[in-house]
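What follows is calculated from the coordinates using simple rules that are stated; it is not laboratory data. None of these values were measured; they are calculated from a predicted model. With ideal geometry, Cβ positions are generated from the backbone for all residues, glycine too; neighbour counts draw on all protein chains shown.
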Amino acid sequence: MKILILCTGNSCRSQMAHGFLQSFDSNITVRSAGTEASGKLNSKAVKAMAEAGIDISHHTSDPVEKYLGQEWDYVVTVCGGANEACPAFTGKVKTRLHIGFDDPSHATGTEEFIWSEFIRVRDEIKTAFYKLYTEQIKPQL
């Protein structure tokens with residue numbers, strides 16, 4: 001089972017989803033990429049995931065072009081806000097899904113509020129991707 005999680009910057013939401021999904025089952029292949037990959041992970045996303053017991057610090061922020069020639073069982077886009085256009089993936093895909101989340105890296109306000117947004121979005125990603133795993137992916141394994 002091969003799953004690609006796609007976003008714009010590949011620094012935050014797609015990385016968290018990648019970390020959670022891989023933690024649910026080490027036998028599935030999970031990758032994440034961005035149409036405008038930033039080349040680095042958001043440090044608050046790494047910290048939020050570490051607090052959840054998942055180390056994503058070794059992940060890389062990759063451009064989607066790296067994966068275009070491959071076949072995927074699932075491609076999941078995670079962009080959320082009205083100001084974001086979710087990228088389209090033109091490779092060979094069995095199932096395309098969109099599960100949108102707010103981008104916590106765009107949060108403004110106090111440090112406490114910004115951090116709370118990272119935690120909120122992290123927890124929403126965990127819940128949504130666990131549901132995807134248990135209801136759609138695991139039955140196919």
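Quick notes on this one:
- Per the Cα gyration tensor, the stretch 16-65 maps to an equivalent ellipsoid with semi-axes of 18, 15, 7 Å, ordered largest to smallest.
- Filter on K92/K138; K66/K131; K2/K66; K47/K138; K47/K92; K44/K94 - keep pairs with C-alpha separation over 25 Å: K66/K131; K47/K138; K47/K92; K44/K94
- Compactness of the chain, taken as the C-alpha radius of gyration over 2.2 N^0.38 Å, stands at 0.97.
- Förster-model FRET efficiency, 35 Å R0, S26 and T110, C-beta, rounded to 0.05: 0.40
- Here the dipole of the chain is about 420 debye; that uses its Cα centre as origin and unit charges on the Cβ of Lys and Arg (positive) and Asp and Glu (negative).
- Once the C-beta distance of K66 and M1 is scaled by a Förster radius of 22 Å, the resulting FRET efficiency is 0.70 to the nearest 0.05.
- Against the chain, whose longest principal axis comes from its Cα atoms, helix 13-24 is set at around 60 degrees.
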